[in-house]
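Everything on this sheet refers to the single structure shown next.
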Amino acid sequence: MTGDIPTRQRTMDYIRSEGLLDFPPEDHLSYPTCSEPSWQTDVAWARKNAVMVGWVNNHEWNSWEIARPGREFLASVVDRCGRHVLMVSRCFLWSLRLKTLLTPGFGPSATDTKAPPKGERSMPSLEYYKTLVEGKLRDATIEELAARVSRRLGMTVPATKPSVAFAYHLFVKTI
């Protein structure tokens, strides 16, 4: 994207126009409380989560600008995909176009992970992980936990309870 700070609408338009994600038909339906396709609501929630870990800036309303830690994380994803450490075949929401950009020569196969039904994509609540981090703070400081998660993820996780909890929420069993 070029120009001013990315907004929600510009980001959604970019994802759609570049064909970066592969949504099953159910993701084009809206949630009962929304008028937009559910994939857009899901992406907005993912953006909120990325703000919590410091990957997306939140310095002004409707800013979807990727912060430096987010760019570092994305660079590590690109690197890991290129080295076949992160297997794009397991990423069911990534489009074939995105998968081949990240792993040149990638071709789909029958063993690629298929999208589960929408209701089965959930994870334990963030509150669960906040409680888990509280328990881990008996044996380590928040700075030590953040450093441990940062090393495992190859990117910086801010040394705050919400950020460490959310990183654990996303990447279970890293701390």
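Just so you know, all these numbers are worked out from the coordinates, no wet-lab data involved. Quick caveat, the model's predicted, so the values are computed rather than measured. Here the Cβ positions follow ideal geometry from the backbone for every residue, glycine too, while neighbour counts run over all protein chains shown.
With the simple model of a label 7 Å out from the Cα in the direction of the Cβ, Val78 to Leu137 spans 3.6 nm. Using the count of nearby Cβ atoms within 10 Å as a rough guide to exposure, how do Thr11, Thr160 rank from fewest to most? By the 10 Å Cβ count, ascending: Thr160, Thr11.
P(r) tail for the stretch 55-103, what percent of Cα pairs lie past 13 Å? Each step should come with its number before you reach the end.
Numbers: 730 of 1176 pairs.
Everything past 13 Å amounts to 62 percent.
Given springs between every Cα pair under 10 Å in a Gaussian network model of the chain, which of Ala44, Ala67, Ala140 has the largest fluctuation? Highest fluctuation of the listed residues: Ala140. Listed values for the stretch 10-15 are Karplus-derived 3J(HN,Hα) couplings in whole Hz (6.51 cos²θ - 1.76 cosθ + 1.60, θ = phi - 60°), namely 5, 5, 4, 4, 5, 4, and x replaces Gly and Pro.
Amide H contacts of Ser30: Ser38, each under 5 Å away and 5 or more positions distant or on a separate chain (H built 1.01 Å from N in the peptide plane; Pro and chain starts excluded). In a shell of Cβ-Cβ distance under 15 Å around Met87, excluding Met87 itself, what net charge do Lys and Arg (+1) and Asp and Glu (-1) give? Its environment carries a net charge of +3. With Cα atoms defining each centre, the stretch 91-118 and the stretch 1-55 are spaced 19 Å apart in the structure. Here the residues Trp55, Trp94, Trp61, Trp45, ranked from fewest to most Cβ neighbours within 10 Å of their Cβ, fall in the order Trp61, Trp45, Trp94, Trp55. Over every Cα atom in the chain, the radius of gyration and the widest Cα-Cα span, Dmax, amount to 17.1, 48 Å.
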